[in-house]
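One structure is given here, and the rest of the page talks about it.
The values are calculated or read from the model by the stated rules, or taken from the named source; none is laboratory data. This is a predicted model, so every value here is computed, not measured. Neighbour counts are summed over all protein chains in view; Cβ atoms, including those assigned to glycine, are modelled from backbone coordinates with ideal geometry.
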Amino acid sequence: MGQLPPHLVEPVVAAALREDLPWGDLTTEALVPAGIRARAEVLVKRPGVLAGLEVFGAVFRYLDPQARLEVYSPDGTEVQAGTVAAAVEAEARALLAGERVALNFLNHLSGVATLTRRFVRAVEGLPCRIVDTRKTTPGLRLLEKYAVRAGGGANHRFGLSDGVLVKDNHLALLRRQGVSLEEALRRLRHRVPHGVRVQVEVTDLEQLDEVLSAGADAVLLDNMPVEALREAVARCRGRAVTEASGGITLENVRAVAETGVDLISVGALTHSAPALDVSLELR
């Protein structure tokens, strides 16, 4: 799963705090004297998978450099309602001012990890991986993709700079310019770094045959019915990596995996995961 690099987490935390308390916390600063220290516990209210405790702690350390986080159930742990997952000790003003931002991160990222774990479990025993997409919340991609890993999934490319994926709109523009798919892939191999996998999106078997003939390393099988997916996998065997995408749900993901695809990409992991109910209780 790996750790979140602090130098990349801090700017995200800082932006969130600027949004929530641009001129300070009027209520807390009027009611709570400076210098008082307090302790609070992270209480899980619904079963799920935790993710984002590092970011949670970073919020309080940003407000109080002396803040200390004790983690009892690390990221990736499946927890039950009533679990005390962690405790944080900091200046009371920092705890109250940072509470909502810290919980927003923890609730959302744990929700992503929880939904990912459900998809991973749904295809258990089959040689296929669940991966995410670029359908992430602007500014939170690093964190959301980390949460996918915490849930047992894998990451697709982080951004457009990381890999080559020729999609339908690329192909439409190329056709208007009279550029064949073979010529397009030749240009790509000449211009992108050595070792970068070239993937092409296809929507039917006829297009798949053209893409395979052109020498693509991987194919994105977009919104194909299960029977077509099965045939596509058979045609690609030994020639290209296969990825199914589009319309994937918990109800149909196992049937898709049983076609033999290598990867199943699910945008819902990051764009539609319900938040996990976790609260912060001052003691």
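Data table
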| item | result |
| --- | --- |
| Unmet requirement for residue 130, which otherwise passes all of (1) aliphatic (A, V, I, L, M); (2) in the same structural domain as residue 259 (by TED's automatic domain parsing); (3) surrounded by 14 or more Cβ atoms within 10 Å (Cβ to Cβ); (4) assigned to a helix (DSSP H, G or I) | (4) |
| Hey, residue 103 surrounded by 24 or more Cβ atoms within 10 Å (Cβ to Cβ) and in the same structural domain as residue 26 (by TED's automatic domain parsing) or not | no |
| Per-region count, region 150-160, residues crowded, with 19+ Cβ neighbours inside 10 Å and more than 14 Å from residue 265 (Cβ to Cβ) | 3 |
| Matching residues in region 211-229 - criterion: being surrounded by fewer than 16 Cβ atoms within 10 Å (Cβ to Cβ) and out of contact with any Lys or Arg (no Cβ under 7 Å at 6 or more places or on another chain) | 213, 215, 223, 225, 226, 227 |
| Any hit, region 178-197, residues being modelled with pLDDT of 95 or more, surrounded by 14 or more Cβ atoms within 10 Å (Cβ to Cβ) and under 29 Å from residue 124 (Cα atoms) | no |
| Residue 148 being over 24 Å from residue 274 (Cβ atoms) and touching a helix residue (DSSP H, G or I) at 6+ places or on another chain (Cβ under 8 Å) | no |
| Test result for residue 186, basic (Lys, Arg), assigned to a helix (DSSP H, G or I) and not assigned by TED's automatic domain parsing to the domain that holds residue 248 | no |
| Unmet requirement for residue 274, which otherwise passes all of (1) within 30 Å of residue 98 (Cα to Cα); (2) touching a Pro at 6+ places or on another chain (Cβ under 9 Å) | (2) |
| All positions within region 106-116 that are among the polar types (S, T, N, Q) and either within 13 Å of the chain's Cα centre (by Cα) or crowded, with 24+ Cβ neighbours inside 10 Å (or both) | 110, 114, 116 |
| So residue 175, is it free of Cβ contacts under 8 Å to residues at least 12 places away in the same chain and of a type in the set (Lys, Arg) | yes |
| Contacts under 8 angstrom Cβ, first residue in region 127-146 being under 23 Å from residue 220 (Cα atoms), partner polar (S, T, N, Q) and assigned to a loop (DSSP other than H, G, I, E, B), 6 or more apart | 131/155; 132/155; 144/136; 144/137; 145/136; 145/155 |
| Qualifying residue in region 64-74 (condition: buried (at least 23 other Cβ atoms within 10 Å of the Cβ) and either hydroxyl-bearing (Ser, Thr, Tyr) or under 24 Å from residue 144 (Cα atoms) (or both)) | no |
| Exclusive hit being over 14 Å from residue 128 (Cα atoms) and small (Gly, Ala, Ser), set 255, 240 | 240 |
| Near pairs, Cβ below 8 angstrom, 6+ apart or cross-chain, from region 9-36 (closer than 15 Å to residue 60 by Cβ) to any residue that is of a type in the set (Asp, Glu) and not in a loop (DSSP other than H, G, I, E, B) | 9/54; 36/91 |
